[in-house]
Amino acid sequence: WNDGKRDIFVRYFSLALIGIFQGSVAYFTNYFSKNFIDAKFDTVTNHVVNGGHFVRAFAVLYLRQTLFAAWASLAVMIEPMSGGSGIPEVKCFLNGIDLPRINDLKTGVCKILGVIGSVSAGLPVGKEGPMVHSGSVIATTVTTSRVKNDKTRRDYVACGAAAGVCTAFSAPIGGFLFAFEEGASYWSQSLTFRTFFCSGWAIATLYVWKTIGLAFGKVG
């Protein structure tokens with residue numbers, strides 16, 4: 001056991017943590033979005049079917065849509081860098097442009113809260129882009145205390161972005177291909193395995209949470 005073996009262990013332990021956290025974030029983002037949407041339409045259906053109150057049903061739907069949209073807007077007001085999909089910003093970071101606060105924990109929290117609100121509001125947006133951004137935020141948060149080298153930090157962010165794509169589409173190979181083709185400009189053979197390793201932990205965690213959810217009748 002020496003410093004080299006210790007560095008390898010810490011590196012892959014960090015990649016596993018990034019994948020586990022990203023898989024958990026993806027599951028609970030889906031879980032809360034689905035439950036909010038189901039609750040919204042169950043209330044509207046109840047007004048229409050049981051009472052025949054179409055005007056009241058429309059008013060309730062309009063109010064809930066507005067509240068969820070306001071929730072998403074508030075998240076962007078708190079942290080403007082959390083607006084949008086996040087993919088262009090992650091690409092900029094991976095290609096050498098150090099945008100302010102792009103990978104801060106506050107940005108990631110506002111991003112997740114904003115996407116839950118916007119999806120629940122029925123806005124024409126999806127969770128795919130924010131999952132890429134959340135993966136890069138998680139990668140930075142997990143490694144920020146011990147990684148000071150920019151190249152190493154970007155390698156971890158590339159792995160986090162790959163894990164984000166993986167959890168968005170349930171495609172580990174797709175996550176690696178995204179980081180390889182669309183994300184990073186600088187690549188190495190060792191980074192190929194690291195991104196796939198991180199994506200593997202992310203998809204495994206997502207499936208574990210889904211299995212637990214199905215066992216208790218809750219689908220994320």
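Annotations for the structure displayed:
- Of the criteria (1) within 23 Å of residue 152 (Cβ to Cβ); (2) β-branched (Val, Ile, Thr); (3) in a helix (DSSP H, G or I); (4) free of Cβ contacts under 8 Å to residues at least 40 places away in the same chain, which one residue 102 fails: (3)
- For residue 54: the one exception among (1) under 22 Å from residue 113 (Cα atoms); (2) open to solvent by 40 Å² or more (accessible area, probe 1.4 Å): (1)
- Enumeration of residues in the stretch 151-172 that are open to solvent by 50 Å² or more (accessible area, probe 1.4 Å) and either of a type in the set (Phe, Trp, Tyr) or in contact (Cβ under 8 Å) with a residue 24 or more places away in the chain (or both): 151, 169
- Pairs meeting the criteria (first residue in the stretch 10-32 and over 12 Å from residue 207 (Cα atoms), second residue among the polar types (S, T, N, Q) and not in a helix (DSSP H, G or I), beta carbons under 6 Å, at least 6 apart or on different chains) are lacking.
- The set of residues from the stretch 1-43 being among the aliphatic types (A, V, I, L, M) and closer than 23 Å to residue 160 by Cα comprises 8, 10, 15, 16, 17, 18, 20, 25, 26.
- Selection within the stretch 127-161 - closer than 18 Å to residue 81 by Cα and over 11 Å from the mean Cα position of the chain (by Cα): 139, 140, 141, 157
- Any hit, the stretch 68-88, residues being open to solvent by less than 50 Å² (accessible area, probe 1.4 Å) and over 18 Å from the mean Cα position of the chain (by Cα): yes
- Reported count of residues in the stretch 131-148, each being part of a helix (DSSP H, G or I) and either open to solvent by 10 Å² or more (accessible area, probe 1.4 Å) or of a type in the set (A, V, I, L, M, F, W, C) (or both), is 8.
The values are calculated or read from the model by the stated rules, or taken from the named source; none is laboratory data. What you see is a predicted model, and the numbers here were worked out from it, not measured in a lab. With ideal geometry, Cβ positions are generated from the backbone for all residues, glycine too; neighbour counts draw on all protein chains shown. For the accessible areas, the whole protein counts, side chains as well, though only heavy atoms, and no ligand, DNA or RNA atoms are used. Shrake-Rupley method; radii C 1.70, N 1.55, O 1.52, S 1.80 Å.
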